[in-house]
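Readers should treat all values here as calculations from the given coordinates under stated rules, not as data from a laboratory. What you see is a predicted model; the values in this text were computed from it and never measured. Here the Cβ positions follow ideal geometry from the backbone for every residue, glycine too, while neighbour counts run over all protein chains shown.
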Amino acid sequence: MALAFSEPRIVSRGPYRVVGAWCAYDGDDEGPGWDGAYQALLPRLCTISGRCDDLMLGFLYRPSKDDPVAPVGMRACFVGVEVAASAAMPEKLAETRFSGGDYVLVDCIGDTPEEAAEGVGQAIDMLTEWMPANGYREGDACFAASQVGAPKPPWIETVYIKLERA
């Protein structure tokens, strides 16, 4: 099976609280950022309580949004999980929030995790065209998520983009 995409679908949901780890990167190569964020999160994943589901979220991140000490222009990759609003904050991890509302989703379906992950950029490009054609513009959130416990293959990365009416 080659890389495939689902049709866009819209879901409504409340706000997200995400706990995880981030890693800064330089230039245009996000690879070290993703690797560093995963390596920082995985040994601490078992310390996170109050998880809402088995989704692992990944997104490009501006640390200064949540950390006033971080330089404003710093870019990073963030990997984390959604937790309940009342969940304790584990040491050495970071927290951010996404607003609630309508999100458009597209699944990137591949035979390998690498193939599904490679589809994320294409799905974002596809949704960038889909949104204005359907009366929307991008809101304040864009991330990819995968179900950790789902049987594989296929591997699925789901792209979420917050919608605002155009």
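Structure remark: mean-square fluctuation, Gaussian network model of the chain, C-alpha springs under 10 Å; the largest value among GLY58, GLY14, GLY36 belongs to GLY14. To the nearest ten degrees, helix 31-41 and the longest principal axis of the Cα atoms of the chain are 50 degrees apart.
Counting only lysines at least 8 places from LYS92 when in the same chain, those with an alpha carbon closer than 24 Å to its own are LYS65. Considering all C-alpha pairs of the range 18-94, those separated by over 15 Å amount to 53%. For the chain, a Gaussian network of Cα nodes joined below 10 Å ranks VAL69, VAL19, VAL104 by mean-square fluctuation, and the top entry is VAL69.
Of the residues PHE78, PHE59, PHE5, the one with the fewest other Cβ atoms within 10 Å heads the list, and the complete ranking is PHE5, PHE59, PHE78.
Panel note: the C-alpha atoms of the chain, placed on their principal axes, show extents of 42, 37, 35 Å (largest first). Residue exposure proxy: GLU129, GLU30, ordered by other Cβ atoms within 10 angstrom of their Cβ from fewest to most, comes out as GLU129, GLU30.
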